[in-house]
Amino acid sequence: MDEAALLYQSLLVGALLFCIGMVGFLSRRNMIVMFLAAEMMLQGVSVSLVAWGRYHNDWGGQIFVVFSLTVAACEAAIALALVLMLYHRNGKLDVDAWHEIRESNLPPFTDVELPEVRKPSPVWPHLAPAGAEPPTDADSEEESQHRQHV
């Protein structure tokens with residue numbers, strides 16, 4: 001296989017990993033999934049660095065990947081400890097539940113609440129009890145006239 005073609009394919013795989021990780025990071029609200037998406041972005045960059053190192057016959061890309069993986073492992077350990085501590089405090093893994101954790105001089109972040117739209121409950125027809133005939137429109141007029149006379 002041609003070295004340029006191998007480079008292009010590796011860069012394409014790295015770009016796909018990075019883009020999938022970025023979409024996952026921006027679209028999810030669960031902290032664990034967000035950290036996994038960030039790790040996927042880092043792996044996309046690592047694949048690209050290894051591809052460039054191979055293309056240039058240089059060990060610099062591979063060595064940089066080893067150091068970045070070491071930093072990622074440390075970051076994952078710290079992130080896991082942070083997630084466990086915040087879950088223990090709030091009982092949720094949702095990012096929006098942690099907006100009140102701020103510095104003491106800053107107010108907590110609040111989203112603008114949308115007004116609640118109340119839909120009228122549907123009126124369902126009622127069936128007559130067994131053995132009784134349902135009232136007709138003429139019967140209801142007679143009953144209303146009878147009530148007026150009484």
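The values are calculated or read from the model by the stated rules, or taken from the named source; none is laboratory data. Computed from a prediction, not measured in an experiment: that's the story for all the values here. Cβ sites come from the backbone with ideal geometry, for glycine too, and all protein chains shown count toward neighbours.
Please enumerate the residues belonging to the stretch 14-53 that are surrounded by fewer than 14 Cβ atoms within 10 Å (Cβ to Cβ) and of a type in the set (A, V, I, L, M, F, W, C). Of everything in the stretch 14-53, those that are surrounded by fewer than 14 Cβ atoms within 10 Å (Cβ to Cβ) and of a type in the set (A, V, I, L, M, F, W, C) turn out to be 16, 19, 23, 26, 32. For the residues 86, 93, the requirement of being among the aliphatic types (A, V, I, L, M), closer than 16 Å to residue 33 by Cα and touching a strand residue (DSSP E or B) at 6+ places or on another chain (Cβ under 8 Å) singles out 93.
Scan the stretch 24-47 and give yes if some residue there is more than 17 Å from residue 79 (Cα to Cα), over 16 Å from the mean Cα position of the chain (by Cα) and of a type in the set (A, V, I, L, M), otherwise no. There is at least one residue in the stretch 24-47 that is more than 17 Å from residue 79 (Cα to Cα), over 16 Å from the mean Cα position of the chain (by Cα) and of a type in the set (A, V, I, L, M).
Going by the structure shown, is residue 31 in contact with a helix residue (DSSP H, G or I) (Cβ under 8 Å, 6 or more places away or on another chain) and either over 30 Å from residue 85 (Cβ atoms) or in contact (Cβ under 8 Å) with a residue 40 or more places away in the chain (or both)? Spell out the reasoning first.
Values: in contact with a helix residue (DSSP H, G or I) (Cβ under 8 Å, 6 or more places away or on another chain): yes; either over 30 Å from residue 85 (Cβ atoms) or in contact (Cβ under 8 Å) with a residue 40 or more places away in the chain (or both): yes.
Yes: the conditions hold for residue 31.
Yes/no matrix, rows are residues, columns are (1) of a type in the set (Phe, Trp, Tyr); (2) in contact with a Lys or Arg (Cβ under 7 Å, 6 or more places away or on another chain); (3) more than 30 Å from residue 7 (Cβ to Cβ):
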| site | (1), (2), (3) |
| --- | --- |
| 34 | no, yes, yes |
| 54 | no, no, no |
| 75 | no, no, no |
| 81 | no, no, yes |
| 88 | no, no, yes |
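For the stretch 59-77, state whether one or more residues are modelled with pLDDT of 75 or more, within 23 Å of the chain's Cα centre (by Cα) and surrounded by fewer than 10 Cβ atoms within 10 Å (Cβ to Cβ).
Residues of the stretch 59-77 that are modelled with pLDDT of 75 or more, as a first pass: 59-77.
When the remaining residues are screened for being within 23 Å of the chain's Cα centre (by Cα), the result is 72, 75-77.
Then drop every residue that is not surrounded by fewer than 10 Cβ atoms within 10 Å (Cβ to Cβ), which leaves none.
Within the stretch 59-77 (the criterion being modelled with pLDDT of 75 or more, within 23 Å of the chain's Cα centre (by Cα) and surrounded by fewer than 10 Cβ atoms within 10 Å (Cβ to Cβ)), the answer is no, since none of the residues qualifies.
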